[in-house]
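Step one of this worksheet: look at the structure below.
The values are calculated or read from the model by the stated rules, or taken from the named source; none is laboratory data. Keep in mind that this is a model prediction, so the values were computed, not measured. Here the Cβ positions follow ideal geometry from the backbone for every residue, glycine too, while neighbour counts run over all protein chains shown.
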Amino acid sequence: MIYDVIIIGSGPSGLTAGIYSTRLGLHPLIIAGQTWGGQLMLTTDVENYPGYRKITGPELMQKMRDQAEGLGVEIVDADCTRLETKERPFHVAVGDKIFEGKTVIVATGADTRWLDVPNEGKLRGRGVSSCAPCDAFFFRGKPVAVVGGGDSAMEETQVIAKVSPDVVLIHRRDEFRAQPAMVAKVSALPQVKLLYNTRVVDVLGDTVLTGLLLETGTLSPKQQVGSLPELVAKFGGEQKSGTQWILPRSGVFVAIGLIPNTDRFPGLTLDAHGNIVRYEEKDGQGMLSYFTKTNIPGVFTAGDVHDGRYKQAITAAAFGCMAALDVARWLSETDTHT
């Protein structure tokens, strides 16, 4: 059997692409992965997805999956191990099985680059987050921290500073990598303190986050203190031993980067951050014809695997919709849809 479109990925973009594809009269297949549902499966309460005043991430993804399956979309709960794009139909390897598709939508998302400290996994969704726009509401009035030094960390800090009166931005170096204008904007916020030359050794708490175990190396002159005890006191912490100390916090937002899931797709053009490059195409009148094309004809992309900017469930779903519409148009124009 040759599918009209094979969708690799089962987060909001992949499932939405499946829903729209079948509604457009196509025969789609979703390769969901052994762990399906994307980053929302790690999210507790979701309060910014239209139509739901409050819903958990797993519940939202289950509803999307139920809708797709209810429309007849085939879903395989296994990992794609290889995509062959040298000729059409495209070959998608899943273990020892090969599926053929006239088109492919790569919607494999991106994984958070976590801190990789001992208690992090236990406290994800219980004070440890990677998305301030998603979770800032839950930390209103509480002391929080942001970890990172790039543009994303600056954006996360600005969002969380709107609801928290006490934000500490922690960076392991003495200089931020972010754009100077963004650093200046964050530095000017009265509720934000900057902590340099410091790394997170662990996150603390049994059932919810209570603090961070930090290690500060060489004191930065920017801290305007003469010793580590003075620095610890300045931030309201508690010194443990040597260069390690505890910073009490109710939440921490990890903003040290994302890792796009693109390792199985040789031949696709990637940008400097590893995201799939998306190509917009316009017709002779300057109107947008395609929004989600890749460099390989017949291969499209959707969601966080190409979007390093917005990274929201609703934008991922929107990209899935656009990719499905692009696929339907491309099949029609190339006379490959039967």
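Could you please find all residues in the range 208-218 being modelled with pLDDT of 95 or more and in a loop (DSSP other than H, G, I, E, B)? Val208, Leu209, Thr210 - these are the residues of the range 208-218 that are modelled with pLDDT of 95 or more and in a loop (DSSP other than H, G, I, E, B). Among the residues of the range 175-207, those that are in contact with a Gly (Cβ under 7 Å, 6 or more places away or on another chain) and modelled with pLDDT of 95 or more comprise Phe176, Asn197, Leu204, Gly205.
With respect to being closer than 19 Å to Thr35 by Cβ and either of a type in the set (S, T, N, Q) or not assigned by TED's automatic domain parsing to the domain that holds Thr301 (or both), Thr103 falls outside the description. Note on the range 297-320: residues that are over 18 Å from Asn48 (Cβ atoms), surrounded by fewer than 20 Cβ atoms within 10 Å (Cβ to Cβ) and in contact (Cβ under 8 Å) with a residue 40 or more places away in the chain total 1. Applying a threshold of 6 Å to beta carbon distances and a minimum spacing of six or more residues, or different chains, the list of pairs starting in the range 65-78 at a residue that is in the same structural domain as Leu29 (by TED's automatic domain parsing) and more than 13 Å from Thr35 (Cα to Cα) and ending at one that is surrounded by 13 or more Cβ atoms within 10 Å (Cβ to Cβ) and acidic (Asp, Glu) is empty. Where strands (runs of 3 or more DSSP E) sit wholly within the range 228-338, those with at least 2 residues that are within 28 Å of Cys80 (Cβ to Cβ) occupy 258-260, 279-282, 288-293, 299-301. Being farther than 19 Å from Val299 by Cα and surrounded by 21 or more Cβ atoms within 10 Å (Cβ to Cβ) holds for only one residue in Gly37, Gly14, Gly18, Gly72, and it is Gly37. Of all residues in the range 42-60, those being of a type outside the set (S, T, N, Q), out of contact with any Gly (no Cβ under 6 Å at 6 or more places or on another chain) and either outside the structural domain of Ala318 (by TED's automatic domain parsing) or not in a loop (DSSP other than H, G, I, E, B) (or both) number 7.
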